[in-house]
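Trainee: Attaching a single structure in structure tokens format; questions to follow.
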Amino acid sequence: MTEARGAVEAALDALLPGLDDLLAALVAIPSVGGTAAESEIQHLLADRLDGLGLEVDRWPLDLSALGGEPEFPGAEVARTEAWGVVGRLPGSGGGRSLLLNAHTDVVPVGDPCAWTSPPFTPTIRGTGAQRRLIGRGACDMKGGLAAAYLAVAALTAAARSGTRLAGDVLLAPVVGEEDGGLGTYGLLRRGWRADGCVIPEPTGLDLVPANAGALTFRLTLRGRSAHASRRTEGVSVLDHLPAVLDALRALEGRRNAEVDPVMAGWPLAYPISIGRVSAGDWPSSVPDLLVAEGRHGVALGESIAAARAALEGAVAEACARDPWLAAHPVEVEWWGGQFASGATDPAHPLVSAVAAAHQAARGGPAPAVLGAPYGSDLRLLTGIGGIPTLQYGPGDAAQAHAPDESVALDEVERCARSLALLAVDWCGRPV
Ligand SMILES: [Zn+2]
């Protein structure tokens, strides 16, 4: 085994000088969810995996069929096409398989003026271990994607020189993670499974075996319009919004009073947040329609149905206490991304295997094990796929979706090494 590790590390060392160019090439593709570039990056990766000599499964996702299935996780952007890609490095047989799953879609850049370099023109700043690559998606999660790609490339090179593993290693770049999980859902519907999965999302190289869920909701409040000069004859929706917000805040407090120990490190494990509000259509009219859209956290072990019922119940109680709202109840809709929570038992051998690989890669203390307050593809892999899955990857999640998003190249390297060593130990050597 020591020999195999040495061979894989040597193969990785030979590839690392290409990391800057690889990550820059990935970040330069503006693969915002729902754009043509989302397909472009899938094809680029399929071609590259093919070039490495992997068995590549590349297929068009059947968007209308998948979207009509009861377990479809939702989507928030329109797509006319989307592609699934899996590269498989076949093992000799008898070992555990390992799937590396990385989303290739990124979120829009936000205010371009908030960036100090153009978001899709990758820029490297700093020196030595402080070198960082800046660009949309660098942290979430093309840094992790590059690490997984390099690990697989190293394993492939080592296999070609005689160091084969027993189990398969799979690399799956997926689309649509940011708006629901289309790509991973399609991957699972295609029939791909593995004995363990690592998603190199930005965790700062901590181990994240659990994710809270997140449900996108829409509240509609109705009032009665009137000319502003006679406003007392109308009913402003704004006057009734605070009752609803107070009820949501109180609900949030109750839901966070006691949380699973793996989530206890967060000041607020399961936030309820309104992200978009629109009301009224004229300065001199009493606003009679308000639409508020937000995000509701799902606790570990809680079903989507139970989480929805909790929010609907809190809104209904607020309406019951307000005479206008009692007669004109707030409508609650669930739309867009519907992320269930998901978890792998922290005692699962995959968790200790990743921790051991992390330490073998460069020493230092064992990584922390904690749950994350955001939803991700993890819940599809553990839930629908039944695949033990954890997140472990380079970058700070606080950088994700932010202007001047960046990742430390040193951390990407370290992650690549950990993933390569993990594969050796997890997939095993032929007996
Ligand atoms: Zn991500």
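Trainee: Within segment 138-159, identify whether any single residue is open to solvent by 10 Å² or more (accessible area, probe 1.4 Å), in a loop (DSSP other than H, G, I, E, B) and either within 15 Å of the ligand (Cβ to nearest atom) or of a type outside the set (F, W, Y) (or both), and answer yes or no.
Mentor: There is no residue in segment 138-159 that is open to solvent by 10 Å² or more (accessible area, probe 1.4 Å), in a loop (DSSP other than H, G, I, E, B) and either within 15 Å of the ligand (Cβ to nearest atom) or of a type outside the set (F, W, Y) (or both).
Trainee: With the requirement that a residue be within 19 Å of the chain's Cα centre (by Cα), over 17 Å from V208 (Cβ atoms) and of a type in the set (D, E, K, R), what does segment 405-421 give you?
Mentor: Selection gives E405 alone.
Trainee: Give the residues of segment 180-204 that are open to solvent by less than 10 Å² (accessible area, probe 1.4 Å) and within 16 Å of the ligand (Cβ to nearest atom), sorted by residue number.
Mentor: Looking only at segment 180-204, we keep the residues that are open to solvent by less than 10 Å² (accessible area, probe 1.4 Å), and these are 180-188, 196-200, 202.
G180, G181, L182, G183, T184, Y185, L187, C197, V198, I199, P200, P202, listed by residue number.
Trainee: So in segment 110-134, with the set limited to residues that are at pLDDT 95 or above and of a type in the set (A, V, I, L, M), which one is farthest from the ligand (Cβ to nearest atom)?
Mentor: I124
Trainee: For a quick check of your reading of the model, give me the residue pairs whose first member lies in segment 181-207 and is in contact (Cβ under 8 Å) with a residue 12 or more places away in the chain, whose second is within 14 Å of the ligand (Cβ to nearest atom) and of a type in the set (K, R), with beta-carbon atoms closer than 9 Å and at least 6 apart or on different chains.
Mentor: Taking only residues 6 or more apart or on different chains, the pairs are G181/R379.
Trainee: Also, quick follow-up: Could you please tell me which pairs satisfy a Cβ distance under 9 Å, a separation of 6+ or placement on different chains, a first residue in segment 65-92 that is more than 24 Å from L171 (Cα to Cα), and a second residue that is of a type in the set (F, W, Y) and open to solvent by 20 Å² or more (accessible area, probe 1.4 Å)?
Mentor: The qualifying pairs are E76/W335.
Trainee: When you go through A398, A360 one by one, which is the residue that is touching a Leu at 6+ places or on another chain (Cβ under 7 Å), open to solvent by 10 Å² or more (accessible area, probe 1.4 Å) and either more than 16 Å from the ligand (Cβ to nearest atom) or closer than 23 Å to V259 by Cα (or both)?
Mentor: Numbers: A398 fails: touching a Leu at 6+ places or on another chain (Cβ under 7 Å).
Result: A360 is the single residue among A398, A360 that is touching a Leu at 6+ places or on another chain (Cβ under 7 Å), open to solvent by 10 Å² or more (accessible area, probe 1.4 Å) and either more than 16 Å from the ligand (Cβ to nearest atom) or closer than 23 Å to V259 by Cα (or both).
Trainee: Same structure again: Output the number of the condition that Y374 fails; it satisfies all remaining conditions of (1) within 16 Å of the ligand (Cβ to nearest atom); (2) in a helix (DSSP H, G or I); (3) open to solvent by 50 Å² or more (accessible area, probe 1.4 Å).
Mentor: Failed condition: (2).
Trainee: Are there strands (runs of 3 or more DSSP E) fully within segment 50-109 with at least 2 residues that are within 16 Å of the ligand (Cβ to nearest atom) and within 22 Å of the chain's Cα centre (by Cα)? List them.
Mentor: On the way: elements: 55-60, 83-89, 98-103.
Ranges flagged: 98-103.
Trainee: In segment 166-175, what count of residues is obtained for those that are in contact with a strand residue (DSSP E or B) (Cβ under 8 Å, 6 or more places away or on another chain), assigned to a loop (DSSP other than H, G, I, E, B) and more than 16 Å from the ligand (Cβ to nearest atom)? Before the answer, list the steps.
Mentor: Taking segment 166-175 and keeping what is in contact with a strand residue (DSSP E or B) (Cβ under 8 Å, 6 or more places away or on another chain), we get 167-175.
This time we only want the ones that are assigned to a loop (DSSP other than H, G, I, E, B), so: 167-168, 175.
From what's left, more than 16 Å from the ligand (Cβ to nearest atom): 167-168.
Of the residues in that region, 2 qualify.
The values are calculated or read from the model by the stated rules, or taken from the named source; none is laboratory data. Please read these numbers as outputs of a predicted model, since none were measured by experiment. Quick reminder, even Gly has a Cβ in these numbers, built from the backbone with ideal geometry, and neighbours come from all protein chains shown. We work out accessible area using only protein heavy atoms, side chains counted, and drop any ligands, DNA or RNA first. Shrake-Rupley method; radii C 1.70, N 1.55, O 1.52, S 1.80 Å.
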